[in-house]
Amino acid sequence: MRYNLAEPSIFMPTTLTEALAWKERHPHATVYAGGTYLLWNQSGRLLQLPESILSLRNIKELNRFGRTESRLDVGATVSIQRILRAGPKVLSPLLAKALEGICPPSVTSMATLGGNLGVPDRCMASFPVMHVLDARCELRSAKGTRWVPVTGLRSETGQLQLQPVELITRIQIPMEEWNFFIHRRIGSSPYGITPDSLVIVLVGKTYRGMITEFRFALGNFSSHMYRNRDLETLLIGTRLSRGKSKDLKAFLYALQEELQTRKFLFSPLQIERVLRILEVTLSNPFQYT
Amino acid sequence: MIITLDLNGKEETLDIDPSLRLIHLLRNTFGLLGTKEGCLHGHCGYCLVFLNDQLVLSCLTPAFSTHRGKVVTIEGFRGTPEYYDIEKGFLEVQYTPCGFCASARVLLTHAILQETLHPTEQMIRKRFTAILCRCTDPSRLVAGVQRAAAIRRHRQHAV
C-alpha cells in the first residue's frame, strides 16, 4: 500500500529567467542540482521528496566553467568531476585536492559546488576552502543580481544568508599562488558526515623563509565554521623553521584557548587533533604541501 | 508526472511516480537488469549509467531528473564499437570482473577512455575506488583498462 498521496510539484526550466520567475512564485521550493545532499541518507525504495522542487539540471547558463588569469568562474551546477577534469593547468593543487575531498569518487560526476555551498543546515566540505580562498558567489533573483563573498554567505548564527527567492548562480574563485597549503579531511568515515568529521584548510605565502600571508579555517559540518583572523596575524612575519618554534608555540596555545571557549562547536578530541595536525604540518609546511 | 527521455537511443514517454529512483525505473519498468542494485546510498557504485554523457549513480538519481535527458545503460552501450574495445582489452589480459560489478566497470572504463586514451595506473586505481567490489586483482584491472585504451587508440588511428 502507498501512503505517498500528494505528488511533489517539480519544475524543470531550461533557462535561468524561467527558473528565477518560478522561484519568485514558489520561494520555499527546494533547489535541485546534483541531488546528492537531498538523497544521500534515503534508503527506502521510494524517495521522500519535498513538496516543491526546482530542478536546475537543464539550465545551460548555470553549467558554464572558465578561467581568466586571476580567477576561476564556476557555474553553480557544474559537477565537481568537470572542474577536476580541467587539470593542473587550470586548477591550483590546493583547489584540486579540496574538490577531491568534497565527496566520494562515485558521486563527483553528480555533486556540484553550488549545491555544496548552498546546503541550508550545515557548512559542507567546500565551505572552509572557499572561505580561505576568498571566493564569492553570484546570487540572482528575478529582481536583480548581487555578489556576496563566501564569508558573508552565512550569518553569525549559522543561517544561510540567501533570500528565499534567490539562487546561487556562479562562484568566482581567485587564483592566487600559495607557497604552502594543507587540506585535510579527517573522521572515522573518509567522506561521511560523522560527529568526528573535520576539515582543516591552511594556506600561506612566504618570502625568504618568512610568512607574509597566512589563513586557516576549520569546518565540522555543523551550521558554523571557524576562522579567526586575529589568530592568523600571529604567524605573519614569523620565520618558518624546522621543529616547534616559539612563535608556533604561541600560536598553538592561543588557538587551543580559543577553541576551548567554543566547546559547543568542537569536541575535545577534535581540538586535540586540530592542534596536533597544525603542530606537525606547520613545523615544516612544505613537506606536507 | 509525464517525462520524455532518450533511453539507449530510443525515445520513451511515460508517466512516472516522481519519487521513483532511476535504477528502479530501468530495472522494473524497462527490464534493463544489467544495472545492478546495491546499497542505494551511492557507496557501492554498481548502478552506474550514463545520463547526458555523464556517469551517474542511478540509485541517487530521481527518475524525474532524466526528463529531456539521454540515458545509456550497459544494454545500450553493448552494441557499440567502444564496448568491443573494452571487452577485447579485458579478455586479452584475462580480466573477468564478477557479474555484479562488470557493467559498472565497463561503463567507468568508457568514461575514463573518453577523458584520455593514455590513462595512468594511478588514475585508473583512483577512479575505480568508486566501485566497491573487490572481486578481482586490481593489477589485472589496470592492465585491462590500459589494453582497452591501446585497442581504442589503434582503432581510431585506423579510422
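Every number in this text was worked out from the coordinates using simple rules, so none of it is lab data. Keep in mind it's a predicted model, so treat the numbers as computed, not measured. Cβ atoms come from the backbone with ideal geometry, glycine included; neighbour counts cover every protein chain shown.
The mean number of partner chain beta-carbon atoms within 10 angstrom of a residue's beta-carbon across peptide A:45-52 is 4.
Dipole orientation for chain A: of the candidates A:Gly101, A:Asn284, A:Ala217, A:Asn284 has the Cα lying most toward the positive pole (charges on Cβ; Lys, Arg +1; Asp, Glu -1). Note on the protein assembly as shown: dipole from Cβ charges, positive end direction compared against B:Gly38, A:Gly87, B:Leu20; the farthest Cα belongs to A:Gly87. Here is how the number arises for chain A: DSSP H runs of 4 or more residues each give -39500 (n - 2.57), the sum is divided by the residue count, and the result at 222 nm is -7500 deg cm²/dmol.
Determine the sum of side-chain charges near B:Val106: Lys and Arg each +1, Asp and Glu each -1, restricted to other residues whose C-beta is under 14 angstrom from that of B:Val106. Walk me through the numbers before you get to the answer.
Values: positive: B:Lys36, B:Arg78, B:Lys88, B:Arg105, B:Arg127, B:Arg147, B:Arg152; negative: B:Glu75, B:Glu82, B:Asp85, B:Glu87.
Residues near B:Val106 contribute +3 overall.
Just to confirm a number: summing +1 for Lys and Arg and -1 for Asp and Glu over residues other than B:Leu117 whose beta-carbon lies under 11 angstrom from that of B:Leu117, what do you get? So the surrounding residues net to +1. Farthest toward the positive end of the dipole of chain A, out of A:Cys123, A:Leu46, A:Thr68, is the Cα of A:Thr68, where the dipole comes from beta carbon charges about the Cα centre.
When each of the peptides A:64-75, B:105-116 is scored by how many other beta carbons lie within 10 Å of its residues on average, the order from highest to lowest is B:105-116, A:64-75.
Using a cut-off of 30 Å between Cα atoms, the listed pairs A:Lys97/A:Lys249; A:Lys60/A:Lys143; A:Lys89/A:Lys143 include A:Lys89/A:Lys143 as exceeding that distance. Pairs of Cα atoms nearer than 8 Å and 6+ residues apart set the relative contact order; for chain A it is 15 percent. For the residues of B:32-45, the average number of beta carbons from a partner chain within 10 Å of their own beta carbon is 3. The fewest-to-most ranking of A:His183, A:His224 by surrounding Cβ atoms within 10 Å reads A:His224, A:His183.
Relative contact order of chain B, please, whole-number percent, based on alpha carbon pairs below 8 angstrom and at least 6 residues apart.
Values: 268 pairs, mean separation 38.0, N = 159.
Computed value for chain B: 24 percent relative contact order.
Evaluated at q = 0.07 Å⁻¹, the base-10 log of the normalised Debye intensity for the protein assembly as shown, with identical point scatterers placed on the Cα atoms, takes the values -0.39. Computed about the Cα centre, the dipole magnitude for the protein assembly as shown is approximately 940 debye when only Lys and Arg (+1) and Asp and Glu (-1) carry charge, each at its Cβ. Ranked by the mean number of other Cβ atoms within 10 Å of their residues, highest first, the peptides A:24-33, A:226-235 come out as A:24-33, A:226-235.
Can you compute the charge dipole magnitude of the range A:180-288 about its Cα centre, using +1 on each Lys and Arg Cβ and -1 on each Asp and Glu Cβ, nothing else charged? Give it in debye, rounded to the nearest 20.
On the way: 16 positive and 9 negative charges, 59 e Å.
My answer is approximately 280 debye.
Local charge sum around B:Val71 (other residues, Cβ-Cβ under 15 Å, Lys/Arg +1, Asp/Glu -1)?
+2
Each residue of the range A:205-217 was assigned a 3J(HN,Hα) from its phi angle through the Karplus expression (A = 6.51, B = -1.76, C = 1.60, θ = phi - 60°), giving 10, 10, 9, 6, x, 10, 6, 9, 8, 8, 9, 8, 8 Hz with x at Gly and Pro.
Between the beta carbons of A:Arg239 and B:Glu12, assuming R0 = 60 Å, the FRET efficiency works out to 0.35 to the nearest 0.05. In this simple spin-label model, placing a label point 7 Å from the Cα along the Cα-to-Cβ direction at both A:Ser223 and A:Gln48 gives a separation of 2.0 nm.
Taking the Cα centre of the range A:26-77 as reference, the dipole from Cβ charges on Lys and Arg (+1) and Asp and Glu (-1) amounts to some 160 debye. A straight Cα-to-Cα reach below 25 Å connects B:Lys36 with the lysines B:Lys10, B:Lys70, B:Lys88, B:Lys126, residues fewer than 8 places away in its own chain not being considered. For peptide B:60-70, the mean count of partner chain Cβ atoms within 10 Å of a residue's Cβ comes to 6.
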